[in-house]
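See structure below.
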Amino acid sequence: MTSEAQLLLRGGIVLTMDDEIGDFDKADVLIDNGEIVAVGRDLHSAAKVVDCAGKIVIPGFVNSHHHMFQTALRSFWSDALELDYFLQSRTGEDALFHQYTPEDVYWGEYGGALECLAAGTTTVVDTSQCSYTPEHTDAALDAIRRAGIRCMFSFSPAFGDHEPAPTYAHPDDIHRLCGAYDPSDAAGLVRLALGYHVDEDLFQLAKDLELPVFAHVNDVSWGRVLEQFEAEGLLGPWITYIHCLGLEDTAWKAIRRSGGRVSVSVSAELSLGMGVPALQAAVDHQVPVSLGTDTVSTAPADFFSQMRAAFLLQRHTAMDAARRGRPETAAPLSTRDILRIATVGGARAAHLDHLVGTLTPGKRADIAILNARTLNASPVNHAAGAIVQLMDTGNVDTVLVDGRIVKQGGRMLHADIDDVLSHLDRSAAGLLERAGKDGILLTGCRSY
């Protein structure tokens, strides 16, 4: 049946990321009611045509770790190291996170989600470490829904020495949230998860509620804990481990045996001096790995920056190991491997690979269309190489989420960007004023 819900993406280079379907130098993608129904050459349909000549069609990027509430603090900790960031954000009454109102959370989340969409990221795992009250949590979810991004909302505790409001309850408030979101609703863009560190009670609750878990793990000591939890049946493929810096082999083996997934935020981890990102360790241990961005207060949220950083880091790590006589280390990854990590890998880590991550008939139409007829990308002699090594956010021409076009011709369609930026300006000014911080740090990060 022909309807306005049908779209035909016509004549682009198509990288499906589905190994059985393969890639095409020129092909079409047919969409019906938000679902991909066919991929191939010269498809015939009366659907509305989107001309993709001179463009590359790929699955939307999947960001497996982000804190979108921090958008108003963009670049604030650009020069910070890990200790600076944690102390200034969470410690003391003047800590920046403690100044957040539900309205600040709303505009941070909304602006952050729009930023992701504009850059071709169609799915994000949002780690909500600003849920000081249920009102803060609801503001975040309202903004995410309004933006129209696909989101796994990881309900997480608000860390620091600030006393939460009496109504704050992590993880108990997840029961209220579950009443408002049906996890079995395949068409629903927002889904729920639990976030924290490795915690026995939380892992058990998530297992009871059949919710995914996103757990921060950054210490050699976690190996013994994970082995214990594995013996208790608390580990499984529903857990994604964030950062994984400095983990010992016992921890990696427990993650692999239990089917866990891993998220690395290369740019943020390197910028904050947290240690060597675990990308190579995940590859070496054959654990499914994905890319996150953490927060725009320290590092970029676009996936072109993340893919490039991951590609260069892994290539250096692998070749350095080879020069040092360590043949057990994996060979350098290709640009297509990195693109796969940014799409399929992210979908697996977000526990949404049954819905997104590849251009496979039957999956939802979350798609990024990249303009390759540009000075930074053309001529295209290697499609994945052009995306990972050469392109940037300016190449993102059109973006679809669940078959709905949210960006077209380089322009966001359903948001007043000037209004969003004005609200973010006011939010940033209020946060800094209440925390007693300078409005603009012209000479870099200061000690407070």
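The values are calculated or read from the model by the stated rules, or taken from the named source; none is laboratory data. Being a predicted model, the structure only gives us computed values, none of them experimental. Quick reminder, even Gly has a Cβ in these numbers, built from the backbone with ideal geometry, and neighbours come from all protein chains shown. Heavy atoms of the whole protein, side chains included, go into the accessibility calculation; ligands, DNA and RNA do not. Shrake-Rupley method; radii C 1.70, N 1.55, O 1.52, S 1.80 Å.
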- Task: Take every DSSP beta bridge with both residues inside the chain and express the antiparallel ones as a percent of the total, to the nearest 5.
- Result: 40 percent
- Helical contribution to [θ] at 222 nm, DSSP H n ≥ 4, -39,500 (n - 2.57), averaged over the chain, rounded to 500: -9000 deg cm²/dmol
- Query: For the peptides 105-118, 188-201, 59-72, what is the packing order when you average, over each peptide's residues, the other Cβ atoms within 10 Å and list the highest mean first?
  - Reply: 59-72, 105-118, 188-201
- Whole-Å semi-axes of the chain's equivalent ellipsoid (Cα gyration tensor): 33, 26, 23
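Between their Cα atoms, which of Lys253/Lys363; Lys207/Lys363; Lys55/Lys363; Lys26/Lys48 are more than 20 Å away from each other?
As for pairs spanning more than 20 Å Cα to Cα, those are Lys253/Lys363; Lys207/Lys363; Lys55/Lys363.
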- If you roll a 1.4 Å probe over segment 315-425 with all protein chains in place, what percent of the accessible area is carbon or sulfur? 49 percent
- Task: Quote the charge dipole size of the chain about the Cα centre in Debye, to the nearest 20; the model charges only the Cβ of Lys and Arg (+1) and of Asp and Glu (-1).
- Result: 1500 debye
- Accessible area per residue of the chain at 1.4 Å probe, in Å²? 40 Å²
